[in-house]
Structures are given as structure tokens and as C-alpha cells.
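A short write-up of the structure that comes next.
Derivation of every value follows stated rules applied to the coordinates shown; laboratory data play no part. Source: prediction; values computed, not measured. Methodologically, a virtual Cβ is constructed for each residue, glycine included, from the backbone with ideal geometry; neighbour enumeration extends over all protein chains shown.
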Amino acid sequence: MQSKQATVIRHLAFEDLGTLAPVLNQAGYSIKYLEAGQDNLQSIEFDQPDLLVILGGPIGAYEEKDYPFLLDELRILSSRFQADLPVLGICLGSQLMARALGASVYPSGSKEIGWFPITLTTAGQKSPLRFLSGEYTSMFHWHGDTFDLPAQSTLLASTPVCKHQAFMVGENSLGLQFHPEVTPLGLERWFIGHAVEIGATETVKVSQLRADTVEYGKKLEEQASAFWSEWVSGLDRRSPLTNLTKQHNLCLGRNS
């Protein structure tokens, strides 16, 4: 199987690909992590990774004055969207996707932290996200920001607290405000790493997060594996056309 490259921008060491990693490996992807704030994100050529993944983090997509590397992420996203190259954004990653597409990102006014089901739109029910529907599994959330739905996108999922939970851009890119990648064991690192935020959020307790993870975590792992497998397979089915389009555009000296 020909090796493909997945470049992953990570903002916190303990927020990684989780259940997505083995699916990518099985599909023939090699995974390269780049650490935001440490690695040189300007070195990423927008059209080199077969898949770009931007993971979550505790900063705002609008805080580029304090975290200038966000501008590099926005630049890469804009170029990949113009070329219709695959992107996956989770939490902060989805917010950066929305901003790169011209939508506003801002504090939602209330944090959504913990296990809550998502409700799919009609488009979401026809997508791989159907495996993550609330009738099958609860979902893990950890965010205080939200965004306007980009004009070029299709809404796939919502919750009562956050209307814009998932969206699709073209056929190749997916933004997820929630965290289908998490595992019960991996979340123990979250409970330590986010201890200050948990302590400052009156409605959130580690004991409840842990109890809910015991109740819902294993089922999410199972459903997420099916979701990731179908989504990644869809990328592979579309990749020959994408590659031909990219080669054609580069021959013509344009990006889209």
C-alpha cells in the first residue's frame, strides 16, 4: 500500500489523534506531529500532506497577538481550502477552519464540558457522522468558544448549548467542535492537564467526568472507529481526482 502523509498540528501534548491514529495507520498513512509554538509551521507546504489535521487546545482562534503561530495555521488552511485538499479540524481546529473561511469565532457565553449527545442534521445523517448519532453514543465536549457557520459549509450536527458542532467544506474537509477521538485512558491526562479550568468551572467536577467516561467512553471508542474508518475511506476514494486537479492547477500556475 502506497504510504500517504497525515500532518497533525498539536497544541497540547495530551490532546492527540486518539482513536483516529490506528485507522490512519491501517489506511496507509504515516503520521507526523508538529507541535504548535515549538515546531516551525511555516515549513508546511500546503499541498504536501495528503491530510492536514489540526487538533484542539485551550487558546482562542482569535488570539494571534499572543500566539502568532495561529496565523501560520490560518494561512495553511486557506490555501488547502482553495485547492480542495483534505482537512480535519477538532475543537480549536474547527474554529480555525471557520475563521479561515471568513466566519467569526467568539466566546459562547457558557462552557460545554463533559458528555452530551449530538443531534445530526439531515446532511449529517447521510454522512459518516451517523455512527456518532445520539441514539448510538454520547459525545465528549470541551470548549467555551463557538463560531458562525461559514457560508461555504454544510452544517452536520448541533447540541442545545452549541448550534454549530460539525460542518463539512466541499467533499474533503470536516470541522468537529466535539471530541470523537478521545479514549477513557487518554482522558485521565485531560483531567490532570485541565485541572485549573475544571476548578474554575463550578458545574464541572472530575468525579463526574470520570464516572461519565466509565459509562460512555467504551461505546464512543467503538462508534468512533466506524466513523473514522468510513470518513478516511471516503478521502481515499476521492484522492485520485483531487490529485489530478492539484496537478492540473499547478501546471497552470494557480492554486485553485
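Just a few scattered comments:
This table checks each residue for (1) charged (D, E, K, R); (2) touching a helix residue (DSSP H, G or I) at 6+ places or on another chain (Cβ under 9 Å); (3) farther than 16 Å from Cys162 by Cβ.
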residue	(1), (2), (3)
Phe81	no, yes, yes
Val87	no, yes, yes
Gln125	no, no, yes
His141	no, no, no
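- Scanning region 168-183 for residues that are in contact with a Phe, Trp or Tyr (Cβ under 9 Å, 6 or more places away or on another chain) and either hydroxyl-bearing (Ser, Thr, Tyr) or more than 15 Å from Glu112 (Cα to Cα) (or both) yields Val169, Gly170, Ser173, Leu174, Gly175, Glu181, Val182.
- Any chance Ile76 is farther than 18 Å from Leu235 by Cβ, of a type in the set (Val, Ile, Thr), out of contact with any Leu (no Cβ under 6 Å at 6 or more places or on another chain) and crowded, with 17+ Cβ neighbours inside 10 Å: no
- Among the conditions (1) buried (at least 24 other Cβ atoms within 10 Å of the Cβ); (2) touching an Asp or Glu at 6+ places or on another chain (Cβ under 6 Å), Ile118 misses just one, which is (2).
- Here Ala83, Ala103, Ala123 are screened, and the one residue that is free of Cβ contacts under 8 Å to residues at least 60 places away in the same chain, among the aliphatic types (A, V, I, L, M) and more than 29 Å from Tyr216 (Cα to Cα) is Ala103.
- Flag if Ser43 is of a type outside the set (A, V, I, L, M) and touching a Ser or Thr at 6+ places or on another chain (Cβ under 6 Å): no
- From Gly217, Gly193, residue being on the phi < 0 side of the Ramachandran plot and crowded, with 16+ Cβ neighbours inside 10 Å: Gly217
- Taking the conditions (1) surrounded by fewer than 15 Cβ atoms within 10 Å (Cβ to Cβ); (2) within 28 Å of Leu132 (Cα to Cα) in turn, Gln42 satisfies each one other than (2).
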